[in-house]
Amino acid sequence: MKEFYLQPKLISAMKTYSKEQFVKDLVAGLIVAIIALPLSIALALASGVEPACGIYTAIAAGFVVSLLGGSRVQIAGPTAAFATVVAGVVATQGMDGLFLATVMAGVLLILMGVLKLGSLIRFIPHTITVGFTAGIAVTILVGQIKDFFGLTYAAGVKPIETIEKIEANLAAVGTFSWQALVVGAVCLAILIVYPKFEKRVPPSLIAVVVGALMVAFIPSFDTGVYTIGDLYTIPSGLPKVDFAGMDISVDKFLAVLPNAVTIALLAGIESLLSCVVADGMVDDKHNSNAELVAQGAANIASVLFGGIPATGAIARTAANVKNGGRTPIAGMVHAVVLLLVLLVLMPYAALIPMPAIAAILFMVAYNMSEWRGFVKIVKTCPWYDTAVLTLTFALTVIFDLVVAIVAGMLLVGVIALVKKVAKKAE
């Protein structure tokens, strides 16, 4: 009997499931949850939302993608790719705008999967994906300079765009805090050096613990270093989403439609790229259409649970595989462990220093920047590929991802047309 084209990998995985594999999935899920905890908080803050929103996202999206997804080992949750998009939507359209845009994106992803469009994602040029990924990395890095150096903006200064943040940082240089810099530098050193000697405990977890201990027990550090608790309210228990108070109107729908399309494209690209990487690690072949449907359902579930847009996370997926995860059960365990953390340990997140979060996001930005691939394209590819790359990169940094992707695709189309005309003229 032919397999249903949207059949989740969980069904086939359970046919040969064993007690031994459950133990491996349990361990892998626990380790991935430990990795995801500080990252989810950091990515939520980079996205301009409350820290708990990152945990909500990892729980809801992580469980749904594992339940319905087309990969045996995919781990989903908040990722850096969405940080600038989410921050922009929240700043201009509010949380209700983000809710609507994410639900719309989820519906688009489900339709893409149902219509068997999973294979079309690969036609987006590599130069565009490298360009906007590098651009996102730069925007994340610039956005964390304030907390890493302990800068304080003047009253009423709330920069949104990257250029505005650079200007605000320069204007606030006089508010520099040496305590914040020391905490941030120590945490960054841990993130860089620790993995060279020890890989069993996630370096981000070590960094936030060390940073919290420095602020709590070194007298001169009790001033000049903000913690998450100083700036945000840390909720306890399950999220409470006020759907009744949201502005769900036609005008709001039209306002966030471009963002919804961007979220859907990003989720599709990032998730399927993660699936391809995972396939090579576990010698399997993912179901791209089932994965798109799962990502759509996961994004809808995430915002219904109080979270933000989600996608497949390559680093967490790789960590899952390296620690023995081979079925979607590992991803479900990761989500359940984070739920327990949310219910029991979330108040302790208030102790995490903001410079530690900034250091984690510096490393996220570096790891996602693909600077080697960027340089390789510039050195080895034709001039028109470099033009697409640099345009997409520059527009992502200067404006936003929507403008960058549209302009990049238009330039690709123009170049293809010119090449076609030139070929006919020969």
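Using equal-weight Cα scatterers in the Debye expression, the normalised intensity of region 293-426 in log10 at q = 0.19 Å⁻¹ is -1.30. Taken along its principal axes, the alpha carbon cloud of region 235-283 reaches lengths of 48, 34, 12 Å, longest axis first. Full extension of the chain between L111 and E370 gives 90.2 nm of extra length, using 0.36 nm per residue less the Cα-Cα distance. Geometric descriptor of region 170-296, per residue, is 253 Å³ (volume of the convex hull of the Cα atoms).
Ordering I166, I136, I124 by accessible surface, largest first, gives I166, I124, I136; the 1.4 Å probe counts only protein heavy atoms, with every chain in place.
Dividing the convex hull volume of the alpha-carbon atoms in the chain by its residue count gives 169 Å³ per residue. Applying a threshold of 25 Å to the alpha-carbon distances of K24/K199; K379/K424; K9/K252; K15/K285; K379/K419 flags K379/K424; K9/K252 as lying beyond it.
So if I take the alpha carbon set of region 125-211, get Rg, then get Rh from the Kirkwood formula, what is the Rg over Rh ratio? Working shown, then result.
Details: Rg = 16.0 Å, Rh = 15.0 Å.
On the Cα set of region 125-211, Rg over Rh gives 1.07.
Neighbours of E161 by Cβ distance under 15 Å: Lys/Arg scored +1, Asp/Glu scored -1, total 0.
In the Gaussian network model of the chain, springs joining C-alpha atoms below 10 Å, which of L410, L191, L338 carries the largest mean-square fluctuation? Answer for the Gaussian network model of the chain: L410. Among residues other than L100 with Cβ under 15 Å from its Cβ, the summed charge is -3 (Lys and Arg +1, Asp and Glu -1).
Over region 52-155, what number does the Rg to Rh ratio reach, with both radii from the alpha-carbon atoms and Rh per Kirkwood? Present the calculation step by step, with values, prior to reporting the outcome.
On the way: Rg = 16.6 Å, Rh = 16.4 Å.
Result: Rg/Rh = 1.01.
Checking every one of the chymotrypsin sites (Phe, Trp or Tyr not before Pro) in region 232-333 against DSSP loop status and a limit of 13 other Cβ atoms within 10 Å picks out F243. Each of G324, T162, G174 was placed along the dipole of the chain (beta-carbon charges, centred on the mean Cα), and the one lying farthest toward the positive end is G324.
For G211, what charge total do you get from the other residues with a beta carbon under 14 Å from its beta carbon, if Lys and Arg give +1 and Asp and Glu give -1? Counting the neighbours of G211, the net charge comes to -3.
Our estimate of slack between V241 and F123, defined as 0.36 nm per intervening residue step minus the Cα-Cα distance, is 38.7 nm. In this simple spin-label model, placing a label point 7 Å from the Cα along the Cα-to-Cβ direction at both V23 and D251 gives a separation of 6.2 nm.
Percent of accessible area on the chain owned by carbon and sulfur, 1.4 Å probe? Present the calculation step by step, with values, prior to reporting the outcome.
Details: 13550 of 19390 Å².
After summing per-atom areas, the C and S share lands at 70 percent.
Nearest 20 debye, what's the magnitude of the dipole of region 162-301 about its Cα centre given +1 on Lys and Arg Cβ and -1 on Asp and Glu Cβ? Don't skip to the answer; put the middle values down first.
Working: 7 positive and 13 negative charges, 69 e Å.
Result for region 162-301 is approximately 320 debye, rounded to the nearest 20.
Each residue was assigned an accessible area with a 1.4 Å probe, and for T380 the value is about 100 Å². With q set to 0.14, 0.17, 0.19, 0.27 Å⁻¹, the log10 of I(q)/I(0) for region 353-424, from the Debye formula over equal scatterers at the Cα positions, is -0.58, -0.77, -0.88, -1.16.
Excluding ligands, DNA and RNA, the accessible surface per residue across region 176-234 is 56 Å² with a 1.4 Å probe. Simple point charges give the picture: +1 on the Cβ of Lys and Arg, -1 on the Cβ of Asp and Glu, and for the chain a dipole about the Cα centre of about 1340 debye. To the nearest Å, what is the center-to-center distance of region 1-65 and region 410-426, using C-alpha atoms only? That distance is 44 Å.
Using a probe radius of 1.4 Å on heavy atoms only, what accessible surface per residue do you get for region 268-405? Whole Å² is fine. Display every interim value, and only then the final one.
On the way: 5260 Å² over 138 residues.
About 38 Å² of surface per residue is accessible.
Treating each Cα of region 243-332 as one equal point scatterer and applying the Debye formula with no solvent, the log10 of I(q)/I(0) at q = 0.14, 0.15, 0.19, 0.20 Å⁻¹ comes out as -0.59, -0.66, -0.93, -1.00. Membrane-span-like helices of the chain, defined as complete DSSP H segments with a Cα extent of 20 Å or more along the helix axis and a mean Kyte hydropathy of at least 1.0, are identified as 19-46, 51-68, 83-114, 126-148, 178-193, 203-217, 250-282, 328-344, 354-368, 383-398, 401-425. Placing unit charges on the Cβ atoms only, positive for Lys and Arg and negative for Asp and Glu, gives region 274-382 a dipole magnitude near 280 debye about its Cα centre.
Calculate the spin-label point distance for F197 paired with V282, positioning each point 7 Å from the Cα along the beta-carbon direction, and give it in nanometres. Using points 7 Å along Cα→Cβ, the separation is 3.4 nm.
The values are calculated or read from the model by the stated rules, or taken from the named source; none is laboratory data. These figures come from a predicted structure and were not determined experimentally. Glycine gets a Cβ as well: all are built from the backbone with ideal geometry, and neighbour counts include every protein chain shown. The protein model used for the area step is the full one, side chains on, heavy atoms only, and it has no ligands, DNA or RNA in it. Shrake-Rupley method; radii C 1.70, N 1.55, O 1.52, S 1.80 Å.
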